[in-house]
Amino acid sequence: MDKKTINIALAGFGTVGTGLAKIIRENKSWIERRTGKRLVIKKILVRDLTKVRSFVPDPDARFTSNMDDLLMDKGIDIVVELMGGIEEAFTLIDSSLRSGKHVVTANKALLAEKGNELFALASEKKLGLYYEASVAGGIPIVQTLKDSLAGNKIKSITGILNGTANFILSEMTSKGLDFSTALNAAQENGYAEADPTLDIEGIDAAHKLTILIRLAHGADYPLGILPIQGISRVNAKDISLAGEFGYVLKLIAQVREKSEHLQAGIFPALLPCDHILAKVDGPFNSILLEGNAVGPIMLYGQGAGDLPTGSAVLSDIMSLAKDNSAIDNTGFKENILPKAQIVEPELAVYRHYFRMSALDKPGVLSAVSGVMGEHNISIAQAVQKPGPEGKNVPIVFLTHRAQLKSVYSALKVIDKFDFITAPTVHYRIL
């Protein structure tokens, strides 16, 4: 694109699309100084043409409800997909690439599920398919992995990738709220959708982790087999008890490289209060990664919102506008990344937290400890909370490092004891 004006088509003009348009207008001269190009939003695809818009990016910008108006316009250089969803967005991106247009998207769900297919097409067409805004909003993690840390072998990524879940857990921790009350607060503050399933069940974080694994390790870890555990069953009692032991509960996305094999998953975990990620509160995101050359690096910032996410989208547009002939969609030369070599998830090793509800009677601790010993689980600390004689009491065990497989086997035995009155609560400890 050697011309001085770059024509953009937006597909979707909601929160992020409006934020992007505002930044382009406000920072117009700065963008031209950086790129030598003038960015013009020429067409905007929306579902409802009758809706009154509080902001119009350009007097000459044309709103349309027909996707073909974007695809058939030979003057459009970059299509920005901000619709969300899978099928319609896939059709738009696929068709845009086939018609010779670069694409910028924030659609993590689509890239997690069908990214390989689209990246292969973009490579065939020698076009850009950029997606900085798909992971962690305004945090520049995609370009960091593709470019700044390209010479590193990434040993691990541990992150808080969902602001909604982090807000809920922060509210439960700081205010002692139960889960449903904290979720309501998230919805009232605009951090959670009316249907929060993708956020609270860890699916949104899983989409993002899938993308990061490709970027960091040059391999495809299929979303369908990625272990995912959300926070919908988190109990305020465990957050309180964890606090007494010096831990906070966070929803963690993690991938670790072990002898060219990958361990990955989404799960709630206890972090020591002095852990750098334990201090990430509210709707913020943070990513802690370690390279074999650079060592540990942490990125922190707003994981959503109109301007932070719009900023990430704009960074991709500007990269494509600079006439950089070295299109870099995946960070690797392969058109299709190989399948990841995956460690069986149950072989992962962590420290562990257990909370058992048990009848207060002699022999409970010794029986439970015996089962743990038989499964090679070493107890670091055990505390039985006082309660009415003969009634249920909470018993908390903190363990040394043990395989998940051993933990799951031990819990199956423990939960069958007649003095255990509810399923044992278990969290990993980072």
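Rule-based calculations on the coordinates, nothing more; no lab input. Nothing here was measured: the structure is a model prediction, and the numbers come from that model. Note that each Cβ is placed from the backbone with ideal geometry, even for glycine, and that neighbours are counted across all protein chains shown.
Listed values, structure above:
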item: Spin-label model distance (nm) - SER174 vs ALA367, 7 Å beyond Cα toward Cβ; result: 4.3 nm
item: Set LYS101/LYS250; LYS43/LYS114; LYS51/LYS125; LYS28/LYS175 screened for pairs whose C-alpha atoms are more than 32 Å apart; result: LYS101/LYS250; LYS51/LYS125; LYS28/LYS175
item: Residues GLU193, GLU132 arranged by fewest to most Cβ contacts within 10 Å; result: GLU193, GLU132
item: Stretch gain in nm, segment LYS391-THR181, where the contour uses 0.36 nm per residue and the Cα spacing is subtracted; result: 72.8 nm
item: Within region 104-147: backbone nitrogen closer than 12 Å to the ILE86 label point (7 Å, Cα to C-beta); result: 109-115
item: Spatially proximal aspartates and glutamates relative to LYS42 (Cα-Cα < 19 Å; intrachain offsets below 8 disregarded); result: ASP2, GLU26, GLU32, ASP58, ASP60, ASP68, ASP69, ASP73, ASP77, GLU81, ASP316
item: Centre separation in Å (Cα based) which lies between region 335-367 and region 122-189; result: 25 Å
item: Taking ARG355, ARG34 and counting other C-beta atoms within 10 Å, the order from fewest to most; result: ARG34, ARG355
item: Residue-span extension gain [LYS237 to GLU374] - 0.36 nm each, minus C-alpha spacing; result: 46.5 nm
item: 222 nm mean residue ellipticity, helices alone, for the chain (DSSP H n ≥ 4; -39,500 (n - 2.57); rounded to 500); result: -10000 deg cm²/dmol
item: Given charges at Cβ of Lys, Arg, Asp, Glu: the chain dipole, positive-most of ILE76, ASN152, THR330; result: ASN152
item: Theoretical gain in end-to-end length, ILE228 to GLU346 [0.36 nm per residue, Cα-Cα removed]; result: 41.2 nm
item: Residues LYS322 and ARG47, FRET efficiency given R0 of 30 Å [Cβ-Cβ distance, rounded to 0.05]; result: 0.40
item: Assigned charges on the beta-carbon of Lys, Arg, Asp, Glu; region 345-429 dipole about Cα centre (debye); result: 240 debye
item: Charge dipole of region 141-302 about the Cα centre (unit charges at C-beta), most positive-ward option of LEU251, VAL234, HIS275; result: HIS275
item: Pairwise label distance in nanometres, LYS126 with LYS258, each label 7 Å out on the Cα-Cβ vector; result: 4.4 nm
item: Förster-model FRET efficiency, 51 Å R0, THR64 and LYS333, C-beta, rounded to 0.05; result: 0.85
item: Charge-dipole axis of the chain as Lys and Arg at +1 and Asp and Glu at -1 on Cβ define it, positive-most pick from ALA410, GLY163, HIS217; result: HIS217
item: About the Cα centre, charge dipole magnitude for the chain (Lys/Arg +1, Asp/Glu -1 at Cβ), debye; result: 760 debye
item: Options (i) 1.05; (ii) 0.95; (iii) 1.10 - which one matches Cα Rg over 2.2 N^0.38 Å as calculated here; result: (iii)
item: Lys, Arg +1 and Asp, Glu -1 on Cβ, resulting dipole of region 141-302 about Cα centre, debye, nearest 20; result: 480 debye
item: Inter-label distance for ASN292 and SER29, nm, one decimal - labels placed 7 Å from Cα along Cα-to-Cβ; result: 4.9 nm
item: Percent antiparallel among DSSP beta bridges (both partners in the chain, rounded to 5); result: 65 percent
